[in-house]
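Below you'll find the structure, written out as structure tokens, and then a few comments.
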Amino acid sequence: MTTRHTHAIHVQGLKKSFKELRVLRGVDLTVARGGIFALLGSNGAGKTTVVKILATLLKADAGTARVNGFDVATQAPDVRASISLTGQFAAVDEILSGRENLVLIARLRHLGNPGKIADDLLARFSLTDAGGRKVATYSGGMRRRLDLAMSLIGDPAVVFLDEPTTGLDPQARVEVWHAVKELAGRGTTVLLTTQYLDEAEQLADRIAILHQGRIIVEGTLAELKRLLPPAEVEYVEKQPTLEDVFLTLVGPKT
Amino acid sequence: MTKHFVGDTVTLLGRSLRHIARSPDTVITTAVMPIAMMLMFVYVFGGAIDTGTESYVNYQLPGILLITVASGIAYTAFRLFTDMKGGLFERFQSMPIARSSVLWAHVLTSLVANLVSLVVVVLVALLMGFRSPAGVAAWLAVAGLLILFTLALTWIAVIPGLTAKTMEGASAFSYPLIFLPFLSSAFVPTDTMPGPLRAFAEHQPVTSIVNTIRDLFARQPVGADLWIALCWCSGILVVAYVLAMNTYRRKIS
């Protein structure tokens, strides 16, 4: 049971097919506790499938996955008590106010004093003024912030963020980045999926690249950069960006 | 996690009742269509329809009540569909809650919303001259039968709510249900219908339910129709519940 204390997420040989389409072909992944871990991949690489399996929303065809020490297949209720999921689209209730959304989640997590929890989170995510308004009137960035705030209720050990900034304008993206950094700063493990390479560069402590159903590389940004030959000094020194690393490893789109 | 079933269902029920309170148009539109039909049938066609003894407004009310429920459950499918599409469903399912409470909250909300619409329709019928000598017990029996009918149709509505790809698809299933009372004893006596149609009309569920409610309102003995109506409603309820739960389990595997 050492894994329980050392790893937030431990995945071995995970496979998942949708009819003929083999999306995951043996994913191995270990995420240590704390910090932000980015799962990079092109559209359709299977990032969301990995997250859904880890969040107990999908069953894997083969392989094992443990989250916070609990097996997703056999200890699903314990996994659900340890995590929260923020999906690709802000999963908020449009008709309720921001505060009511937070109170709802706090109640469903069976916590005492849901009103105070809601007010604290509204303050923390700069939503106090908008708290009483219907979410339908919120901007994209505010919605995402509320979505993140809802994910933090009950202090889950692991937070999954599936493409948290897809469809946001640049300013709203920066707002979300701040919120994610703050979250990780409090000791929560964040597994982030993204197709934006600069997002991973900005946020992640460690990065894994999912390609053709497997993790093809995993490490810190510096380690990933070292996979390419060192920069040649010409007139201008050009360091490879993570984007270069990604595209070289993944190869041109077929 | 089943120990939280009641608490979670109540919390989620509170949420969707708030939705209804904030968009009362869903309850109003549910009631408007049957009321418009009732006006048309009573004041346009009613004079020309010979139903025997009763006043026509009394005669057609049971059918209108069933149409009210059939159009009301389209919103149940719609609300479920919205939760599925918006990702809220996944959020709830990834939380440590009693998972079936998500469905039950929608089903109970459907019941409350439909009962409100039914009360509105009955009040309008009273204004139009509907009168019933029925006692409290008969009214309770009518309410009980309508609740059973609403639950049966609601569980049918859950299936497209979970599986539909588009919003139109989520509510289109209710059209045949709304149409069914027209092929029954709800608006005209079945004995003027041509043979095959008459056979269908007399043996489909709506006729037995309508006849039972009509007899209860008129303070007449209900006879075998009551048992046929109860069998239809419970049968549909059980089949739809099993299918809906299977669909649900497949969706959340």
Q. Under 9 Å by Cβ, and 6 or more places apart or on different chains, what pairs join a residue from the stretch B:83-106 that is within 7 Å of chain A (Cβ to nearest Cβ) with one that is among the aromatic types (Phe, Trp, Tyr)?
A. B:Gly86/A:Phe89; B:Gly87/A:Phe89; B:Ser94/A:Phe160; B:Ile97/B:Phe5
Q. Taking the condition closer than 18 Å to B:Thr82 by Cα and without any contact (Cβ under 8 Å) to a residue 60 or more places away in the chain, does A:Ala91 pass?
A. yes
Q: For B:Phe41, indicate whether it is more than 14 Å from chain A (Cβ to nearest Cβ) and either in contact with a His (Cβ under 7 Å, 6 or more places away or on another chain) or surrounded by fewer than 23 Cβ atoms within 10 Å (Cβ to Cβ) (or both).
A: yes
**Q.** Pairs with Cβ under 9 Å, 6+ apart, first in the stretch A:98-126 and within 13 Å of another protein chain (Cβ to nearest Cβ) and closer than 22 Å to A:Ser82 by Cβ, second hydroxyl-bearing (Ser, Thr, Tyr) and assigned to a helix (DSSP H, G or I)
**A.** A:Leu104/B:Thr11; A:Ile105/A:Ser151; A:Arg107/B:Thr11; A:Leu108/B:Thr11; A:Leu108/B:Ser101
Q: Could you please find all residues in the stretch A:131-157 being within 17 Å of A:Asp120 (Cβ to Cβ) and among the hydrophobic types (A, V, I, L, M, F, W, C)?
A: A:Leu146, A:Leu148, A:Ala149, A:Met150, A:Leu152, A:Ile153
Q. Of everything in the stretch A:5-14 that's under 20 Å from the mean Cα position of the chain (by Cα) and part of a strand (DSSP E or B), which residue is surrounded by the fewest Cβ atoms within 10 Å (Cβ to Cβ)?
A. A:Gln12
Q: Show the residue pairs that are 6+ apart or on different chains and have beta-carbon atoms under 7 Å apart, the first residue being within the stretch B:146-175 and in contact (Cβ under 8 Å) with a residue 60 or more places away in the chain and within 14 Å of B:Ile236 (Cα to Cα), the second being of a type in the set (Phe, Trp, Tyr) and surrounded by fewer than 24 Cβ atoms within 10 Å (Cβ to Cβ).
A: B:Trp155/B:Tyr241
Q | Counted residues, the stretch A:68-87 - those being under 19 Å from A:Pro164 (Cβ atoms) and touching a Ser or Thr at 6+ places or on another chain (Cβ under 6 Å) | A | 3
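One line per residue, one yes/no per condition, for (1) acidic (Asp, Glu); (2) more than 16 Å from the chain's Cα centre (by Cα):
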residue	(1), (2)
A:Ala45	no, no
A:Asp61	yes, yes
A:Thr64	no, yes
A:Arg80	no, no
A:Gly87	no, no
A:Ala90	no, no
Q: Look through the stretch A:36-56, keep the residues that are in a loop (DSSP other than H, G, I, E, B) and buried (at least 21 other Cβ atoms within 10 Å of the Cβ), and return whichever of them is nearest to the other protein chains (Cβ to nearest Cβ).
A: A:Ala55
Q. Would you say A:Arg173 is crowded, with 17+ Cβ neighbours inside 10 Å, without any contact (Cβ under 8 Å) to a residue 60 or more places away in the chain and out of contact with any Lys or Arg (no Cβ under 8 Å at 6 or more places or on another chain)?
A. yes
Q: Please specify each residue of the stretch B:1-41 satisfying the condition of being in a helix (DSSP H, G or I) and small (Gly, Ala, Ser).
A: B:Gly7, B:Gly14, B:Ser16, B:Ala21, B:Ala31, B:Ala36
Q.
Cβ-Cβ distance below 6 Å, separation of 6 or more or different chains: which pairs start in the stretch B:1-21 with a residue that is more than 10 Å from chain A (Cβ to nearest Cβ) and end on one that is aromatic (Phe, Trp, Tyr) and in a helix (DSSP H, G or I)?
A. B:Thr9/B:Trp104
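Return yes when B:Thr29 is away from every other protein chain (no Cβ under 14 Å), surrounded by fewer than 17 Cβ atoms within 10 Å (Cβ to Cβ) and among the hydroxyl-bearing types (Ser, Thr, Tyr) and no when it is not.
Yes; evaluated as a whole, the condition is true for this residue.
Every residue, every condition in (1) facing another protein chain (nearest Cβ under 7 Å); (2) farther than 21 Å from A:Thr193 by Cβ; (3) assigned to a helix (DSSP H, G or I), yes or no:
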residue: A:Ala60; (1), (2), (3): no, no, no
residue: A:Thr64; (1), (2), (3): no, no, no
residue: A:Thr74; (1), (2), (3): no, yes, no
residue: A:Leu85; (1), (2), (3): yes, no, no
residue: A:Ala90; (1), (2), (3): no, no, no
Q: Specify which of the listed residues (B:Ser117, B:Ser132, B:Ser110) is more than 14 Å from chain A (Cβ to nearest Cβ), touching a helix residue (DSSP H, G or I) at 6+ places or on another chain (Cβ under 9 Å), surrounded by 21 or more Cβ atoms within 10 Å (Cβ to Cβ) and closer than 25 Å to B:Leu39 by Cα.
A: B:Ser117
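Read the figures in this text as sums done on the coordinates, not as results from a lab. No experiment lies behind these values; they were computed from the predicted model shown. FYI the Cβ positions are ideal-geometry reconstructions off the backbone, even for glycines, and counts take in every protein chain you see.
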